[in-house]
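Below is one structure; the comments refer to it alone.
FYI, it's all coordinate maths here, none of it is from the lab. Not measured: the values here are computed from a predicted model. FYI the Cβ positions are ideal-geometry reconstructions off the backbone, even for glycines, and counts take in every protein chain you see.
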Amino acid sequence: MMRSGVGRLLSALRRSPMLLAGVLMVLAFVSVGVLAPWIAPHDPRADSGISYQSPSREHLLGTNDGGADIFSRLVWGSRTTLQVAVLATALILVIGLAVGLTAGLRGGLVDTVLMRIVDIFLALPVIPLLLFVAALAERSLALSILMIGLFTWPQTARIVRSQTLTLRSRGYVANARGFGAGPFYVVTRHLVPTLGPIIGANLVFVAGVAVTTEAALSFLGLGDPAAVSWGAEINRALMSRQISFGTLWLSWLVPFGLALTLAILGFTLIGVALEPWSNPRWRRSQR
Amino acid sequence: MRRQGAVADPVITPEADVGLEASQVLGARPSRRQSKWVTIGSYVVTVFLLITFNFALPRLMPGDPIDAMMALSATTVLNDDTRGALEQYYNLDVPLPRQYLSYLTGLGRGDLGVSIVSNRPVTEELGKRVGWSLLLLLSASAIAMLIGIPLGIHSGWKRGKGVDRSLLGFFLAVQNLPIFILGSVVFILFIAKWDLFPYGSATTPLSDYHGLSEVADIIRHLALPALLMSFDFVTYEYLVMRSAMVGELGSDYLLGGRAKGLSERHLKYRYAGRNALLPVVTVIGLQFSLAIGAGLIIIEGIFSYPGVGGYMLGAVGTRDYPAMQGAFLVLTVGVVTTNLVVDLLYHRLDPRVAT
């Protein structure tokens, strides 16, 4: 029984509250990010004149050390996170697909060499490398995204490769080739449709990892200094001398921590819920 | 079911109802069944790449290292003599291949250069800190084992029951939460607001503790960072222990043991628990290497714990290149070496992989 991907997704949503919760969290985060200019009441960088204001009707979460409206920074921060999630994931998808498909389809020496490279990349610790590069280069959001992409693709490549191998051995790829189909045709008509769900589930995880890494990087003070970012704001709150007084931490640090937690939790929930649905081995063993 | 040539992906036991193999959770390592020598060869190449990267990156960046160094203080203007002397001091006046060669021979002697900020050998500075980092990692690992393994055994044994479902739900939900959020909140509450724990070093400076009171002092400084780091460890140890335990549930030897009249407790811990322990051993090792690569920098940064991770962060902040490079090398080589040890241990421990 082959139903369309959308139909399966909808019925999966109805069956799994975990998936539903995850999708709602990610949707909320995405829509705040997209609609930031209309939601945020203030310019996130504008100095209102008074630092460390308590929450009020004018400033829902008060103001930070620079006198900027914390709520507006929270809203705009989701846009930065969204950019990282989308762009880094796209980069990872492109590299992972290219390497994984090449290795899986070509096989032989090409496969061996590519997989050795994947192994080496998997063994490299990402955060120290990013720190090292960020310390030396001009810091920008584009650099963060590029670096996250360049160091997070190997897992996707490996999944794509192993799935390509199993698909290839099923015979219909060889059949199509036998009927004269070119490699491009095989990839677009046979491989990508069957790989779709598996890669989709993997990408949700990857997006979560990208968001976490960017947040950690800007928390360590190595993100784009000009960007309004959740991780950087948590760091800023933590470094502020005023943070231990009164309830400032509740209106400043906690909202950013919570926003980040919910966004990442959303990705995790979707990933966990999709796992049995997307893993072919698993699907077989359950039916 | 498994086809030749398609063995690169982790093996998922049909019983594992969340599909969480150790290797899957931690990024598809290290279930690749490859020969020991390939593993070691890969390791050597990786270490060599890291060393080369460490050498090349600062030199590849636009601009001159001396300028970058001097950018720290806007008031310093170099005349040509001083610049020449500095270039000579940092060995920048010879061709690149010779610089690389002397960098390598220096490494061989354990020479990591001199810190710009403290003006002392980086090797000496790092030497003082490696011990504290190891103490932090080991104690966090021990705490995590004491919590994660029994919980995983219990949860797997009670698969599908209320206990299992709530534990599993909790750990699945928190598995990807960034440690720095919890760390920041803990820091603000326990240190900044309530002042319950000391902060900023591993011992009380200028104190005169001996014997037990010295140990107590060290534990007071260690407590919060170690607990936080163990939180990072516990999740995966639990998830993998549980999944391995579930894999043992239907085994014949359990049926045999029951028929013999062994107690449930005995079967649970001595039989199934012991058999399910192997993947967890791997996870403990991998967690260790992950923590060297990430947790150490973040947690030591938050609590100003005097380890290698915090040192690297500080060096990045002050643009102290030799210190930064030294710490980078220690951390990254630490990570890949731990990975190697885990891989080799895995070969030794698992009779199916042992050749």
Query - For A:132-141, mean number of other protein chain Cβ atoms within 10 Å - result: 5
Query raised in the report: Which one of A:Val84, A:Leu274, A:Thr188 is farthest out on the positive end of the charge dipole of segment A:80-285, using unit charges on Cβ (Lys, Arg +1; Asp, Glu -1) and the Cα centre as origin?
Result: A:Thr188
Query - Spatially proximal lysines relative to B:Lys268 (Cα-Cα < 17 Å; intrachain offsets below 8 disregarded) - result: B:Lys158, B:Lys161, B:Lys260
Query - Ordering of A:67-76, A:180-189, A:133-142 by packing [mean C-beta count within 10 Å, highest first] - result: A:67-76, A:133-142, A:180-189
Query raised in the report: Any idea what Rg and Dmax come out to for segment A:166-209 if you just take the C-alpha atoms, in Å?
Result: 13.1, 42
Report task. Compute the relative contact order of segment A:80-285 as a whole-number percentage, counting only Cα pairs closer than 8 Å that sit 6 or more residues apart in sequence. Result -> 26
Query raised in the report: Excluding A:Tyr185 itself, what net charge comes from residues whose Cβ is under 15 Å from its Cβ, given Lys and Arg +1 and Asp and Glu -1?
Result: +3
**Report entry** Residue-count net charge about B:Asn54 - beta-carbon cut-off 15 Å; Lys, Arg +1, Asp, Glu -1
**Finding:** -1
Requested in this report: Under 13 Å from the Cβ of B:Ser102, count the other residues' Cβ atoms, weight Lys and Arg +1, Asp and Glu -1, and hand me the total.
Outcome: 0
**Report entry** Estimated [θ] at 222 nm from DSSP helical runs (n ≥ 4, -39500 (n - 2.57)) normalised by residues in the protein assembly as shown, nearest 500
**Finding:** -22000 deg cm²/dmol
Report summary line: Mean per-residue count of partner chain Cβ within 10 Å for A:259-265 equals 3
Requested in this report: Could you sort B:154-164, A:195-205 so that the peptide with the highest average Cβ count within 10 Å comes first and the rest follow in order?
Outcome: A:195-205, B:154-164
**Report entry** Separation between Cα centres of segment A:146-191 and segment A:8-28, rounded to whole Å
**Finding:** 28
Query raised in the report: Mind checking the mean number of beta-carbon atoms from other chains within 10 Å of the Cβ atoms in A:110-123?
Result: 4
Report summary line: For B:247-254, B:143-150, A:78-85, A:147-154, ranked highest to lowest by mean beta-carbon neighbours within 10 Å, the order is A:78-85, A:147-154, B:143-150, B:247-254
Query raised in the report: Across 5 Å bins from 0, what is the distribution of all Cα-Cα pair distances for chain A, in whole percents?
Result: 1, 5, 11, 13, 14, 14, 12, 10, 7, 5, 3, 2, 1, 1, 0
Report task. Tabulate in residue order the Karplus-calculated ³J(HN,Hα) for segment A:182-196, using 6.51 cos²θ - 1.76 cosθ + 1.60 with θ = phi - 60°, rounded to whole Hz; enter x for Gly and Pro. Result -> x, x, 5, 4, 4, 5, 6, 8, 10, 6, 4, x, 6, 6, x
Query raised in the report: More than 33 Å apart: what percent of Cα pairs in the protein assembly as shown qualify?
Result: 51
Report summary line: With Rg from the Cα atoms and Rh as the Kirkwood inverse mean 1/r over Cα pairs, segment B:224-355 has an Rg/Rh of 1.16
Query raised in the report: Whose amide H sits under 5 Å from the amide H of B:Val114, counting only residues 5 or more places off or on another chain, with H placed in the peptide plane?
Result: B:Val122
Query - J(HN,Hα) series, segment A:144-161, from Karplus relation 6.51 cos²θ - 1.76 cosθ + 1.60, nearest Hz, glycine and proline x - result: 4, 4, 4, 5, 4, x, 5, 10, 10, 6, x, 5, 4, 4, 5, 5, 4, 4
**Report entry** Span from the segment B:173-213 Cα centroid across to the segment B:96-152 one, whole angstrom
**Finding:** 22
